[in-house]
Each structure stands twice: as structure tokens, then as C-alpha cells.
Number of protein chains: 4
Amino acid sequence: MSKTDWRRICFDLLADDRRDARIGHRLLSTLIIISVFACAAAIMLVTVPGLDARTVFWCDRLREATDILFTAEYLLRIWIAPAYAHSGRVGATTMRRRYMSSFLGVVDLLVILPFWLNLVVPFPRDLFLATEMFTLFKLARYTPGLPLVAAVLRREARGLTAALGAAGVLLVVASCIMYMLEHDAQPEVFGSIPKALWWGIVTVGSVGYGDMIPITPLGKIFNGVIILIGVGTIAIPAGLLASGFAEEIKRREFMVTWRAVASLPLFHNLDASSIAEIASLLKPQVVPSGTAIVRRDERAEAMFFIMAGEVEVEILPKPVVLGSGQHFGEIALLRRTDRTATVSAITDCRLLALEVTDFQRLLQVHPTIKEHIDRLAAERLEQRKTAEGLSPPAV
Amino acid sequence: MSKTDWRRICFDLLADDRRDARIGHRLLSTLIIISVFACAAAIMLVTVPGLDARTVFWCDRLREATDILFTAEYLLRIWIAPAYAHSGRVGATTMRRRYMSSFLGVVDLLVILPFWLNLVVPFPRDLFLATEMFTLFKLARYTPGLPLVAAVLRREARGLTAALGAAGVLLVVASCIMYMLEHDAQPEVFGSIPKALWWGIVTVGSVGYGDMIPITPLGKIFNGVIILIGVGTIAIPAGLLASGFAEEIKRREFMVTWRAVASLPLFHNLDASSIAEIASLLKPQVVPSGTAIVRRDERAEAMFFIMAGEVEVEILPKPVVLGSGQHFGEIALLRRTDRTATVSAITDCRLLALEVTDFQRLLQVHPTIKEHIDRLAAERLEQRKTAEGLSPPAV
Amino acid sequence: MSKTDWRRICFDLLADDRRDARIGHRLLSTLIIISVFACAAAIMLVTVPGLDARTVFWCDRLREATDILFTAEYLLRIWIAPAYAHSGRVGATTMRRRYMSSFLGVVDLLVILPFWLNLVVPFPRDLFLATEMFTLFKLARYTPGLPLVAAVLRREARGLTAALGAAGVLLVVASCIMYMLEHDAQPEVFGSIPKALWWGIVTVGSVGYGDMIPITPLGKIFNGVIILIGVGTIAIPAGLLASGFAEEIKRREFMVTWRAVASLPLFHNLDASSIAEIASLLKPQVVPSGTAIVRRDERAEAMFFIMAGEVEVEILPKPVVLGSGQHFGEIALLRRTDRTATVSAITDCRLLALEVTDFQRLLQVHPTIKEHIDRLAAERLEQRKTAEGLSPPAV
Amino acid sequence: MSKTDWRRICFDLLADDRRDARIGHRLLSTLIIISVFACAAAIMLVTVPGLDARTVFWCDRLREATDILFTAEYLLRIWIAPAYAHSGRVGATTMRRRYMSSFLGVVDLLVILPFWLNLVVPFPRDLFLATEMFTLFKLARYTPGLPLVAAVLRREARGLTAALGAAGVLLVVASCIMYMLEHDAQPEVFGSIPKALWWGIVTVGSVGYGDMIPITPLGKIFNGVIILIGVGTIAIPAGLLASGFAEEIKRREFMVTWRAVASLPLFHNLDASSIAEIASLLKPQVVPSGTAIVRRDERAEAMFFIMAGEVEVEILPKPVVLGSGQHFGEIALLRRTDRTATVSAITDCRLLALEVTDFQRLLQVHPTIKEHIDRLAAERLEQRKTAEGLSPPAV
């Protein structure tokens, strides 16, 4: 096998994140995840005082083994980086530099760096342990919802910073006032403003360790007010993030719709605004399980994209099941015909319907799209005559 | 009575969850709920030290009585499981296996298992008490809002897992750093990283027991930063759940609308996409109490579905009250006529109006629906002539 | 003056909640609010040990004075209750019973009851003080946002109950498990399941007093898990309430729109569904301060409802300022004409525009509304000729 | 240079908040922000007991230096205030009074006042430190998300006040009841209702210092109930703020759209309602990076406003990059033509498309807008012939 073939195999093993990933990739991912946890557990364990020498010995061996594994992984990832390129235009070196400077690339390096540096110049033990703990950040690669959380935090960064800043200013001012109120009564506890700041953050964050408590009546009343403000301080980021998540999820759904439309061969090569135009015609439908979505021999009046759930196309010899991301009934857009099969929802389904009447109206207004569709439809119908059955079932 | 009749009666007693459930079912439900609470209270009470022997004796009897009741309930539920089947196609054994492997079926079994096992092999007392506590999960059957909460948790599982995972990683890393900062100052308190983890979770969760507090300036500053991050950690799931609840409630309302349309005899046998088409024509209306929705002798221009609230149809001899889930004025869809009665909102109402003009436009575009409606309308009008008064009042 | 006149005056003093309430009503409200706070302060003060006799004496006098004031208020409110009736159909006794059984009526009674009962049969002091504290509930009458909060709590009651119930079950089960884990290590602290419940609620509610802390490793790990679940438990009601507030505020805005349309003399006597029809035509517009909304001598193509903010109508001799709830430009709906004055936004404004073209299309579809409008328009134009200037400026 | 020129330079240095602010302004802002932090740090440091005299000396000098800087800044800001006026109609004195009575103006004064007053009449040291802490409020000027947070707090003020008020009443009543329950068991701890109030606020705010804990069974049960209510009390403002942020962000986006339309020379001088009309025609589009939005030689059927992201116009000799707030393709609105260049999205873009067909339909309905556009279009096309290339690329 050539070098490119080997790289492809490694790429499939390490970086394949399609939904139907191969068994090899899944096994390797599991191995890495287990290694991360094992390494972290070993590090934590060795700090427990009075541990017997044998446990410490095996913990150190385990840590070394995982560090060597992660080193191999890091080198492999650098080697296969060019395989990520979508087109041939980006050079191999660029792709490698891109990986090495990405968040996960930096983490992959930081994880193994202290181990190898330690061989050269011994680290202080505490610092060594703390840096090794960065291993846990490798898990980010295997946490599917993280990009959503990160995107929302980025989106609401301005509001969150403002809320944080306002809370910080109030915190410092409140600590000053509390210092004034309690300093004479408890010169030990509220000894300086920096000490009072500790009271402030513990109170505003509603943690309440209980090591610094005002004793004067005025101090107690002021503390009560600060607790109320603290509740609001917690509520503001919650509110910001709630509206951020709602917006981001809506935006992602639009992108999914857009991609569903763009992936249809019929709409291939249309420009972005035409696709957005078509996407805006789609009507969301929620269909309970067990309901017929289209019936055989009825007039075909719409095509459907499946957003969630599964449908069953009742064709012979064996019904075909279509799932999220697939579509059916697109023949309706090309010619006025009857349904050739019944399609039923197996589970509760979320569909997007593109109705023929809306679609025809669009074609009248946008002659560019019409020409494009007509040409493709002609080709497609020609193909169907020669290669019936190869494409997904046309309902 | 035959076995099937008896099973029907038991089914009605145990499993009837229609809104107008019979008195027998309500009494039995109340009995089971009270038994659950009594059983839990008895278990908790016997652990109190220094309890007099008589109370312990009666607590044990109470526990035994409820366990026998729950055993009878479990066996009955297995027996009546086939009555849940909507059609004859699913066999009795399948339905029974389905119940026994459902969440509530497993809970029903776990609740009684320790009691009977204990008779054979005595359990350690503590474990026995803890398993008996699963009794409380039986309450899930009688908590109406639980499916909504469960659906949202499932829907947002990916985001919540990501937030939890990110919080976990930060927690471990923070604990390591805190161990580094405080280990020398308080070798007893921050004795190992696992011990520091206890500080971490207590701080990030904003619980703050106050048993582990940093004393070095750097430790205190770092603690303050972690408290702020902890506030964000609490805010992220709140934000995710808020947007999840909003989406789920919207989806449920769509399903309710869908079912309201599908339940109308006029739209019987229409396929899912036609019903969705009609549902999309519905216009929400909020009507304050005391307002006339339609007036007698005015032109009928819409039909109405009642989503919430109650309306009064002023017909002789006695006004009829219609509530949530019912509809009126559907005659308007079939022929141009005048209202035969005034309909007023008794309470603030949420209605969905289906306007004749929208409906006619739909029929022109979708000849399939038109044929279907025309045929049904003819039948329906024929019926009305012969059986006036049996159907709900046609306004 | 007649008894009815006196009652009207008392009603205006006590119960007038229009926006431009008279000075007398405001003074009386302020007096009652101050009395409530004074009464509550006096009650709290007398419990402080070591208070000098004179302060106690004056506190008691203050409490007696407010109780007598509240008694007078209660009797007056009963007397004026009939004045609340919107029509003559509800009898005076019914209106009085309605007030006395309402939440505020019961509070008004409970506030004064212990004072008078105490004169007959002396109360235990503690109970007396606690019941007197109900005085504070009188403030509900003067808190404008409370109905919104109450409506959302009612709306989300099912979900909140489910979340609370689930939290409760988890709490009890967690406490049992914690009892099992910690009972042997700390027989004093975790002495029984009821005692462990105290740990549970303090932890799940993220309060963390710190008086019950697990010491075994398993207990600490389990405690960490419970803290995480506790964070979710707090997040669920926050999420539910967020979506509830969003829905309720949207619904209230619809009602405001509906009322704005219904209050227009032009649409007087239209039935609810016609008004909803017109309301659905309204287009929201946000206009920055300082912008001209309509310009003199331009063609009148829409009328406007002011939802928030203020506009200035530049008519001679002095510009007229219109605010929230008012409208302008309605003449445009009746005849094709030019604007007779420029209208500018003084502050940022939220407007609802009703465009002539939409309105004309509506009239074509709904002949009933058309007839109604034509008749009213004729009358109105006639009036304008005879009484120009009395109505708000017609732009 | 004249006085006005100097003032303009100072204005640019101090108050320029355009996105591409000059380097001088940025340096000055950074200097002020650093001074604020340095001043606050110095104040906090001097309160630490046992500090060596030299540190105290330099802290005091630093504080004096920043106070003099802030005094100079304050005087300059008063001097340049007239430069804020948008038109010549507002006098210089008015603008200065407006600044001095604004929030930031008052803060700027309060920051320096104690320093100068202290020179005349020595302040008590504690009060002096606390007032100096107001320096931190100067940061509000440099926190971009703060107006959003402030606007939402104002918007939801009624609901938040109601929630706060209800929480306050429940708090006081709960404290009374707790006093009743625990007073006899712990006469020292729960010595009076004001003392019990401290327990109440610490518990409801879920802070839990742990200094006041009930010991009677009834007290503990009641405490548990109050903790649950406390969780709800925190959830209500979170819910209110979440829905408030969602609304406010939507409103701001509408204002941005409105301004984008209003800023187009083509729509210059249109009145607010015409601009709102056009804004309502805009269709949001999300375009993934790398996609062609319009293609050369295709029919021009829409113009686009860029809301977020960047696009590249492929014109010779060098592609032009357009970003947020800019637009392209507006020639399509004026005459039926083909695209003269391909425009591709460089990053993920949010666009607003104004389609020609929608725009033509609008012109037919609103002859006023049509006349206006026709006149401007004629002028514009004339200009283009004479000054091709000066305006942004017309696609």
C-alpha cells in the first residue's frame, strides 16, 4: 500500500466522525477516553498520603504508558492532518500547522510536553501533576454538545462580560462598605478590604462558607441586601444564556434545512440565495407515529425532507425505512403524477414539506432557477429510465 | 361475567387515565398513593434510634401490608396488560413483556422484590431499607407533568452532557491547582487531590459547607474565580432547559392542534400532510370573557376550535357550554349560511379559527382534499336532516 | 349628598386603580402602605429582648392604631364593594360576599381578627405576633407585577409540581442511601433517615449550612453527585418559568392589541372574531426618537396605534403629545386623503400600523364588517363637520 | 488652531466611540482604565494592617496622581460636552448641564470630590476610602454590553419588583414562624424576630452560612420548605430576565435592520413608516462560508444587507471585502440587469435579502415611495455615469 493509503487508514481510525463510523475508529476512541480517565485517576491517587509503594509504582507506570500512547497519537495526528483538506488547494504543511495551532492540537501537545520535559529537567512535583491534568481537556474531542455550548458562550460574550463586570464592581464596592461597617466590631475577621472581598465573593456567589459573618445590625442588613443582589447576579447570566441557546438552536436548524435543500441533486449548483429562497418555502410538519404521510395513487402535491424520526416506504418486496436527513417524493416537483407508494411515519416525525404550488410560483418569479431545474429534471428523468432502482425510492 | 369482562373492569380501575375517570379508579389511585407515602414514612421512622417497641411493631406491619398490596397490584397489572393494546395485532404476551420491561413495570417489581427475597435470605437491614425506598418511584405514574420534564431532559441531553462534562473537567483541573496552592499551608485539610475534589464540587455547586476553605491569598483569589465559574456552570443548564421547555411546549401545542383537526369528522381519513396543511391555516385568537365570538344571523365566515377556556352557545331551551378540545361553527366550511346562534366566551378563551376563505383557497389548490370534503359534506348534510340534535350544536 | 354619592367618593379613595388616579387615592394608599410597614416593624421590635419599657409601650400603641385603621378600611371596603359591579345585574350582597371571599378580602380580615379576638380571649404571645404578620400580605394590592408572576406560576403549575415531586423522591432516596453510607461512621450525625433528610434538603437546595457533612470516601462521592443533581433541580424550574413568562407576556401583548382595536370607536360593536381579524393585520413598527412617522401633505396610507413611547402631532397653535394606548391617522381608513399634520416620535416608539390596503382587502372578504364600518364612517364624518376639534386630532 | 479645533481633537481623544477609533483615543481609554484599577488596588492595599510605610507612601501618591488625572478628565469632558450635539440647535450650556447630570457625569464628579474636600475638611478615613471606591463605576463607560443588561433590568422592573416584594413578604412571615418554632429551644440564637430575619435571608438566598440552624423537628421541616421556596424565588427572576433578554435582543435586531435600510442613500428622506414597510420585506438568509451568494451574468433579482460575517466581491483588479452593516446588489432594485460580479461568503454570513419582486409590489401599492425612488434612481444613475468607481462596488 502507498503512503496515502496508510494515511487514509489512520485518518479513518483517528478522525472519522461520520455517524456510521467504523468499528476500528470506535475502539480507538474508547481506548483514548479510557486512557485519559486512567491517567487522571493515577495522578490523583499518587497524591494521597500514606499510599503503599506498590500502588505508587503502578500508578507511575500507567501514567508513563498513557503519555507514550498520547505521544504516538499526537505524531499520527500531525501526519494525517493533510487528509482533512476538502480540496487539493490547501498544502499539507498548512493543514499540519492548522492542526498544531488549533485548541485540540495545543492540548494534545501540552498533555505530553511535561512528561518529556521532565526527563530532561525534573519539574517540581506539584506543577508536574497540575500540567498532567490537562490530559482531561482531550475529552473535548469526544463531547458532541460542546460546540453548541461554546458557540453560545461566544455569542453572548458581550452581555456576560458586562454582567460579570457589573457584578465585580458591585462586589468591590460592597466589600468596602462592609469593611467600614464591620471593621471596628471584628478587627480580626474584617481586617482589611482584601479580606472583606473574600466575604463579598462568597456571599454574592451564594456559596456561604460561613467563615466571615457580620455581627453588627447594620452589617447584617447590608449583607441581606447583597444576598438579594447576588440572586440577581446569578439570574442575569442564566437569562442571557437561555436566550442565546434559543437563538443558536434556531440558527442551527436553519443551517440544517439549508444543507438538506442544498444536498438534493435537483438543486445542485444553485447559488446560496436561490437555496435560501427554496428553504424559506419549506413548511414544518409534525406527524404522529403510525400516520400515513402520503397515500398510494393519490395526487403527488409535495416533497418531504425528514428532520427527525423515521418513515416507512411501503414498496415491494420489502418496505424501505428512511431516517433523519433523507427525503422522499421529490418526483412531485418535476411532473404532476400520482404517488407510487404509501409512506407512513414509524415514529413521531418532524418533516419539512415543499409544496408543488409554492415551488411552481417560485419558478415563475425566478427564471434562472427554472432553467436550471428544467435542465436537471430532463437529465434526471432520462437517468431514471435507464437506472431505475439505484437511487433511493422515488415515491 | 367472562374473563375479558373482569379484565376490562380491572383495567378501568387501575389504568384508566381519561379526564373523566370513574370514581373507582380515583379511589384506588388515592389508596396506592397513600400506601406509598405510608410505606416510606414507616421505613424512615424505624431508623430513628430509641423508638419504643410498639411503634416499630406497627411500622413493620404497615410495611408488610403495603408490600402485599403492591404485590397484588403488580400481578393485576401483568394480567391486564393486554387491554392496553390499541388493535388486535399485538399479542397478549408481547403486551405483558412490554409492561414488565417498562420503567414503571421495573419499579413495580423492584418495590416488592426485597420484601419477598428477605423472607428467603435475610438482607442487611440498611440495604433492605434503601431498596424499599424505591416505592416512591411508583408516584411517577400519578405525576402529570413528568413526561414533559423527561422529554425536555432527553431533548437537551447532548447539551446538558457537554455542560456537565466541561464542568467536570474544570472541576478536576481546579482541584489540582487548589491542591498545589493550599497543600503546603494546610497539609491536613488539602491533603490530596481527591480531598481537594471535595472542595471543588462543594464550591462549584455553590453549596459551601465551609469545612474546606483556602487560607493563602492566592488560594482565596483562585477560589473567587472558581465561584464565578460555578455561577456560569449553574446558568448553562438553566439556559438550555429554558430553551428546551419553550420548544417542547410549542411542539406539544402543534400536536394538540393537529389532533384537534384530525378529530373533526369532516377531516376523517385525510392523510397527515393534508391535515398539517389545514392545521397551518388555523389562526390563533385570544378572546376575553364575556365577548361574543359569533353573533346570530351574521354571515358564517369561520369555524372555531376551542384550545382553552369555555364558550356558551345560546340555543333554546338551555345554553350549551363547550370546553377545551371542542369546536363549533363547522357548518360554515360546507355552505355559505348565517349563524343560527350567538356564541360567547364565558372565560378568557384561546381559539383557533379556520376561515372559509382560507379553506376555499386550499380546496382549489388541493383537489384531493376537495373531493374528500365534498363527499363527506354531502353525507353529513344528509345525516343532519334525519338526525338533527344528536350531534354537538352546529352553529 | 346621597348614600350612593358617598360610596362613590369612598370607592374613588380606596379602589380607584386607573392610571391617572386622584391625589386623595394616592395619599390613602401611601398611608396604608406606611401603616403596614410600621405595624410589621413594631411587631418585630417588641420581640427584641432587653428593650426599654417606653419603646414597647409606643410599639403597642402603634400596633393598636394601625389595627383600628385596618378595621375601618375593611368595613369601608365591604360597604363599597357593590361599586365594583360593571352592570346592575349583580346584587350588592353578591358583590360583598365576592370581596369577602377573595384573597385580599380574607387577608384584610385575618389582619384585624387576632387584635379583636385578643381583647376577648388572650392569645399566646407568639401566635399573636405571627398572625399579626399577615398584615404584610396587604401589600399584594399595591404590587403591580404580581398578577403576572401569579399567572405564570399557575400556568406552569403542572411542570413545577412534577419537577418538585421528582426532586422530592430523589431527595428521600438520596437521604436513605446517605444514611446507609454514613450511619456507621457518624452514628451521631446521620442517626436516622429523618436526620439524613435534613442533609438532603440542605444539599439539594445548595444551601449548605455545613452541620452535616459525610466523612467516608463513598459518602463524599455520593454527596458530589447529589450536588450536581441539585444544580439541575434548580435549573428545571428556572427553565419552565422562563418559557412561561415568555408565553404569558406574548399573550398579554395580544390582549393589549385586541383591546386597542376594540376601543377604537370605528370598530365599536364588532364581534370578537372580527376584531381578532383586524388585530392580525396590524404590523409592529419600532421608530427611533426624532423620526417623522407621517408627513404633512403626504398620502395617508395607514393608521397607527401607539404601544409604547410618545409622539408629537405638529398642529397649531400648540403641538399635541399622544402616548401609549392612543392612536392617530384613523381617517386614512375611511377616505383617501392627505395627512393634515406631521407626526414625529419624541421617544423611541413601538407602533402598530394598520395599512389601508390590508384593511380594504379585509372589507372585501368580510361584507359584514364593511357594512358596519360604512355606516359608522358616515356618522363620524358627519359629526366631524359639526364638532371639529373635540375629538383627538385626526391626522 | 482655533478653540473649536482643539475641542474637536479632545473630543476625538476622549469620546470617540466609532468602531475604527483612532490610536490616540484607544491609548487614553487604556490609561484611564488602568488608572481606575490602580487607584482601587491602592485603596484596598492601604487597609491591610502591618503594611510597611514605604508601600503606604507610594499607594497614597498613586491615589493622588489618579485623582488629579480624573480631575483633568472631568474638566475636559465638561469643556468638550458641546461637541456631542448633533445639530446646532442645542446650546453649549445645555449640553454641559446634560453631561454633568448624567450617570457617568455624576460618577466622574463623585470620584474626585472626596479628594478635594479632604484637603479642606479631613474626612473620616473609612468613609474616605469607601467614596474613593466609586472610581470603579467609571468602568461603566468602557463596558459595551452594559446598556443591554440595563435595558432588560428596566424592562422587567415591574415583574422583578413583584417577585422581590413577594419574596420579602414570605421572608418576613417565614422568619416570624421560625422565631415561634425555635425561640424556646434556642433562646440565644433565635432571640428575636429581627435575628430570625437573618436566618431567613441567608436561607432563601441559598447562601447558608450555618450560624443559625433550627434544632427542633418542626423547625427543620419548616426550614426544608423554605429552602424549596427559596429555589423558586431564585428561579423567578431568572425566568423573567431570560424572556426579557430574548425580547430586547429581538427589538435591537429590528432597530439594526431599520437603520440598515434607512442608511441606504436610495431610501434617504423616506419617512419612518415607509422604511418600516421596506424593512418588513427583508428576508433573513444564513449562508455558509465559501458559497456563492450571487453569480456573475445571472439575472439580478435581489439586493443584500450584510448583518454578520464577510463577503468577497470578485472584481478586478483586486476583490473587495464587505462586512457587517454594508450592502451590495442594490442596482437590482432600479433596473432589470445581470450581475456584474460574483459575490461569495468568506465566513458564515447572516444576510437580509430585499427581492425585486417584493419591492416592485410595494411600489405599486405606495405611490409616494415610488415617486421618491424614481427621482433618486434617475439622479443616482446619472451620477454613476460621471463618477463610476467612487461608490462601493455596485454588483
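Some observations on this one:
- Residue within the stretch D:249-265 that is buried (at least 23 other Cβ atoms within 10 Å of the Cβ) and either among the polar types (S, T, N, Q) or in contact with a strand residue (DSSP E or B) (Cβ under 6 Å, 6 or more places away or on another chain) (or both) present: no
- Filter result (under 18 Å from the mean Cα position of the chain (by Cα), among the hydrophobic types (A, V, I, L, M, F, W, C) and facing chain B (nearest Cβ under 7 Å)) within the stretch C:233-252: C:Ala242, C:Ala246
- Whether a residue is touching a helix residue (DSSP H, G or I) at 6+ places or on another chain (Cβ under 6 Å) and within 14 Å of chain C (Cβ to nearest Cβ) was assessed, and D:Val256 does not pass this test.
- The single condition among (1) touching a residue at least 12 places away in the same chain (Cβ under 8 Å); (2) surrounded by fewer than 21 Cβ atoms within 10 Å (Cβ to Cβ) that C:Met178 does not meet is (2).
- Check on A:Ile215, over 17 Å from D:Ile43 (Cβ atoms), surrounded by fewer than 24 Cβ atoms within 10 Å (Cβ to Cβ) and either modelled with pLDDT under 90 or more than 8 Å from every other protein chain (Cβ to nearest Cβ) (or both): yes
- Checked against (1) at pLDDT below 90; (2) in contact with a helix residue (DSSP H, G or I) (Cβ under 7 Å, 6 or more places away or on another chain), B:Arg89 passes all but a single condition, namely (2).
- Selection count, the stretch C:331-347, where residues are in contact with a Lys or Arg (Cβ under 9 Å, 6 or more places away or on another chain) and surrounded by 14 or more Cβ atoms within 10 Å (Cβ to Cβ): 8
- The set of residues in the stretch C:218-227 that are among the aromatic types (Phe, Trp, Tyr) and at the interface with chain B (Cβ under 7 Å from one of its Cβ atoms) is empty.
- Of all residues in the stretch D:153-165, none satisfies being facing chain C (nearest Cβ under 10 Å), among the β-branched types (Val, Ile, Thr) and more than 39 Å from the chain's Cα centre (by Cα).
- In the stretch A:47-61, the residues that are surrounded by fewer than 18 Cβ atoms within 10 Å (Cβ to Cβ) and within 14 Å of chain B (Cβ to nearest Cβ): A:Val48, A:Pro49, A:Gly50, A:Leu51, A:Thr55, A:Val56
- Only one of the listed residues (D:Gly230, D:Gly205, D:Gly210, D:Gly191) is at the interface with chain C (Cβ under 8 Å from one of its Cβ atoms), at pLDDT below 90 and crowded, with 24+ Cβ neighbours inside 10 Å. That residue is D:Gly230.
- Residue in the stretch A:29-40 that is farther than 30 Å from B:Met180 by Cβ and part of a helix (DSSP H, G or I) present: yes
- Close Cβ contacts (under 8 Å, 6 or more residues apart or on different chains) running from residues in the stretch C:204-217 that are in the same structural domain as C:Glu188 (by TED's automatic domain parsing) to residues that are among the charged types (D, E, K, R) comprise C:Gly210/B:Asp211; C:Met212/C:Lys195; C:Ile213/B:Asp211; C:Pro214/C:Glu182; C:Pro214/C:Lys220; C:Ile215/C:Glu182; C:Thr216/C:Glu182.
- Flag if C:Asp126 is buried (at least 19 other Cβ atoms within 10 Å of the Cβ) and not hydrophobic (A, V, I, L, M, F, W, C): no
- When residues of the stretch D:333-377 are limited to those that are touching a strand residue (DSSP E or B) at 6+ places or on another chain (Cβ under 8 Å), assigned to a helix (DSSP H, G or I) and free of Cβ contacts under 8 Å to residues at least 60 places away in the same chain, the one nearest to D:Ser280 (Cα to Cα): D:Val356
- Flag for C:Ala15 being modelled with pLDDT of 85 or more, assigned by TED's automatic domain parsing to the domain that holds C:Val107 and of a type in the set (Gly, Ala, Ser): no
- Where B:Thr257 falls short, out of the listed (1) closer than 30 Å to A:Lys250 by Cβ; (2) in contact with a Ser or Thr (Cβ under 8 Å, 6 or more places away or on another chain); (3) hydroxyl-bearing (Ser, Thr, Tyr): (2)
- A single member of A:Val107, A:Val121, A:Val149 is under 30 Å from A:Ile249 (Cβ atoms), in the same structural domain as A:Cys10 (by TED's automatic domain parsing) and either buried (at least 18 other Cβ atoms within 10 Å of the Cβ) or out of contact with any helix residue (DSSP H, G or I) (no Cβ under 7 Å at 6 or more places or on another chain) (or both), and it is A:Val107.
- Members of the stretch D:259-272 found to be within 11 Å of chain C (Cβ to nearest Cβ), among the hydrophobic types (A, V, I, L, M, F, W, C) and assigned to a helix (DSSP H, G or I), listed by number: D:Ala262, D:Ala272
- Every residue from the stretch B:132-142 that is closer than 16 Å to C:Cys176 by Cβ and either among the charged types (D, E, K, R) or more than 9 Å from chain C (Cβ to nearest Cβ) (or both): B:Glu132, B:Thr135, B:Lys138
- Set A:Glu312, A:Glu277, A:Glu330, A:Glu298: member being without any contact (Cβ under 8 Å) to a residue 60 or more places away in the chain, under 18 Å from A:Thr357 (Cα atoms) and either within 14 Å of chain D (Cβ to nearest Cβ) or of a type in the set (Asp, Glu) (or both): A:Glu298
- Which numbered condition C:Thr357 fails, given (1) surrounded by 15 or more Cβ atoms within 10 Å (Cβ to Cβ); (2) more than 30 Å from D:Arg155 (Cβ to Cβ); (3) of a type in the set (S, T, N, Q): (1)
The values are calculated or read from the model by the stated rules, or taken from the named source; none is laboratory data. The structure displayed is predicted, hence computed values, not measured ones. So basically every Cβ, Gly included, is an ideal-geometry build from the backbone, and we count neighbours across all protein chains shown.
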